[in-house]
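Have a look at the structure below before the remarks.
The values are calculated or read from the model by the stated rules, or taken from the named source; none is laboratory data. Here the structure is a predicted model, which is why all the values come from computation and not from measurement. Cβ atoms come from the backbone with ideal geometry, glycine included; neighbour counts cover every protein chain shown. Just so you know, the surface numbers come from the protein's heavy atoms only, side chains and all, with ligands and any DNA or RNA stripped out. Shrake-Rupley method; radii C 1.70, N 1.55, O 1.52, S 1.80 Å.
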Amino acid sequence: MTVSATTFDQIVRLVWLGGATAFVLGLVQMNSPATARNGNLLSAGGMAMAIAASAVWLLVLPPSGAFNPVGWAVILLGIVVGGGYGLYSARTVKMTAIPQLVSLFNAVGGGAAALIAISEYMGHVSAGAAPGLQDNMATVLDVVIGSVTFTGSLIASGKLMGLRITPSKPVRVPGGQALTGLLTAVAIVGALYIWFGNLSLPVLLAVVVAALLFGVTMTLPIGGADMPVVISLLNSFTGTAVAMAGFVLNNPLLIIAGALVGASGAILTKLMADAMNRSVLNIMVGGFGGGENAVVAVGGAGGSVREVSMDDAAIQLAYASEVIIVPGYGLAVAQAQHAVRELAEVLEARGVDVKYAIHPVAGRMPGHMNVLLAEANVPYTQLREMEDINPEFDRCDVALVVGANDVTNPAARRPGSPVSGMPILDVDHAKNIIVMKRSMGRGYAGIDNELYANPKTGMLFADAKAGLAELVAAVKSL
């Protein structure tokens, strides 16, 4: 029994639809830490199914009408190299480096989508047949968004890595506004020229160059503190570019997958901006914060601070009824998630009620800290989001802050501060506060944390991993 080309094509498209359905269901499961792993596997399975169906489709119905060994060699080489590097990166990357890895993946996705549109347009130029307005619009949008995403994501990743050529601090481009305006004008004029049905590869390449440079001039002036938000925005751009590539290729799977990534990325960007009480436009203007390297004097928080010893801190924690642990980026950098879980278990063995207060942007991105703690087998039931945990600080005997800074700064409640209006964890409402930090360094906002000068606060200067291990030993010795 033979299957007609039309029937086979319909079967492949149904498999694509099944893959897209797996994407949607996987995205739904990622809403909860308890089901996120299965959701990720389901989405990956959907992609594997879609790739397999596409491979069979190319074998049975090759576009050129015959098997192309060179084309297949390129495809297989790309799968081996790209898949191998992706597997290696995912298995070896530290949790603290996930945002920059995501940014690199954004660059690859955006660049690939742009190359698809360029390749298709070159085919039309070679044939001398101008595509319709719908294809032209999708092509130009794909090229522009994909190119901006490519260079912008590379700059963003470099800023988070702290590379010398892409420092974390905002970098002002000479004549930046004028240059950005010129690049925008070139892209718009080129797009209109192509949309009116003109075939011109040089014009398209001019649009590509303008978009690539725009990605650089857009991202360089933004400080490292805002890079996670920018990465999320560029992730949305990647999805949009992939959706445009789907329209160029008439591939519904790319359209659905790209739309999902684009929409979820846009929602995540809005959530992160809200968590910092800033608009996305304000973030894109740039210049906020200079990184976590600035160090101030011990009294720099508007008053004197009180230092506590490891034994004093252990006594406060061991004899408390309720302890709330506030993990921050410092804990993530020190890879201290296992140490903090051990401390919590030791305290629970003494009858202490332990919870974790998770700020929306704790770590580097929403959910980052949840995943980090889940990696150390911290029970999901102990992880409380900001809205749920804030009322409990009033009843808390001790709040232990480990490596968190700006998200605990009471200055956010007053106007006139760079963090004014930013939702914070109400750590200063606790009866006693212990802040574990390596130094009096400022957070990414570049301002002193008023919590450190609070009379209820005791500063415990130590590396998060080593300090928590000492705390565990001190509590056990009581």
Out of every Cα pair in region 344-406, what percent are spaced more than 17 Å from each other?
43
Considering only DSSP beta bridges where both residues belong to the chain, give the percentage that are antiparallel (nearest 5).
5
Furthest towards positive pole of dipole, Leu199, Ser153, Met436, structure part the chain, Cβ charges
Leu199
Summing -39500 (n - 2.57) over every DSSP H run of at least 4 in the chain, dividing by its residue total and rounding to the nearest 500, the 222 nm mean residue ellipticity is -19500 deg cm²/dmol
What size of dipole, in debye to the nearest 20, comes out for the chain about its Cα centre when the only charges are +1 on Lys and Arg C-beta atoms and -1 on Asp and Glu C-beta atoms?
680
Evaluate the Kirkwood expression for the hydrodynamic radius of the chain, namely the inverse of the mean inverse distance over all pairs of different C-alpha atoms, and round to one decimal in Å.
24.7
How high is the relative contact order of region 1-71, in percent, counting Cα pairs under 8 Å that sit 6 or more residues apart?
31
Using just the C-alpha positions of region 1-114 as equal point scatterers, what log10 of I(q)/I(0) does the Debye formula give at each q in 0.13 1/Å?
-0.69
Rounded to the nearest 0.05, what FRET efficiency is calculated for Arg172 and Ser321 with R0 set to 45 Å and r the Cβ-Cβ distance?
0.30
Equivalent ellipsoid semi-axes, region 136-285, via Cα gyration tensor eigenvalues times 5, rooted, Å:
26, 20, 12
What is the distance in Å between the Cα centres of region 308-370 and region 75-128?
38
To the nearest 0.05, what FRET efficiency results for Arg350 and Arg438 with a Förster distance of 30 Å applied to their C-beta separation?
0.65
Work out the FRET efficiency for Leu182 and Asn68 from their Cβ-Cβ distance, taking R0 = 35 Å, and round it to the nearest 0.05.
0.25
Kirkwood hydrodynamic radius of region 336-478 from all distinct Cα pairs, in Å?
15.7
So how much slack lies between Leu478 and Ala129, counting 0.36 nm per residue of separation and subtracting their Cα-Cα distance, in nm?
117.4 nm
Return the subset of Lys159/Lys465; Lys159/Lys431; Lys94/Lys431; Lys270/Lys465; Lys355/Lys431 for which the Cα-Cα distance in this structure is over 27 Å, preserving the input order.
Lys159/Lys431; Lys94/Lys431; Lys270/Lys465
Please list the helices of the chain that count as membrane-span-like by this rule: a mean Kyte-Doolittle hydropathy of at least 1.0 together with Cα atoms stretching 30 Å or more along the helix axis, each helix being a complete DSSP H run.
5-29, 33-60, 69-92, 98-127, 227-249, 252-275
In the chain, what percent of the accessible surface is made up of carbon and sulfur (1.4 Å probe, ligands and nucleic acids excluded)?
65
About the Cα centre, charge dipole magnitude for region 299-441 (Lys/Arg +1, Asp/Glu -1 at Cβ), debye
420
Using the heavy atoms of the protein chains alone and a 1.4 angstrom probe, what is the accessible area of the chain per residue in square angstrom?
46
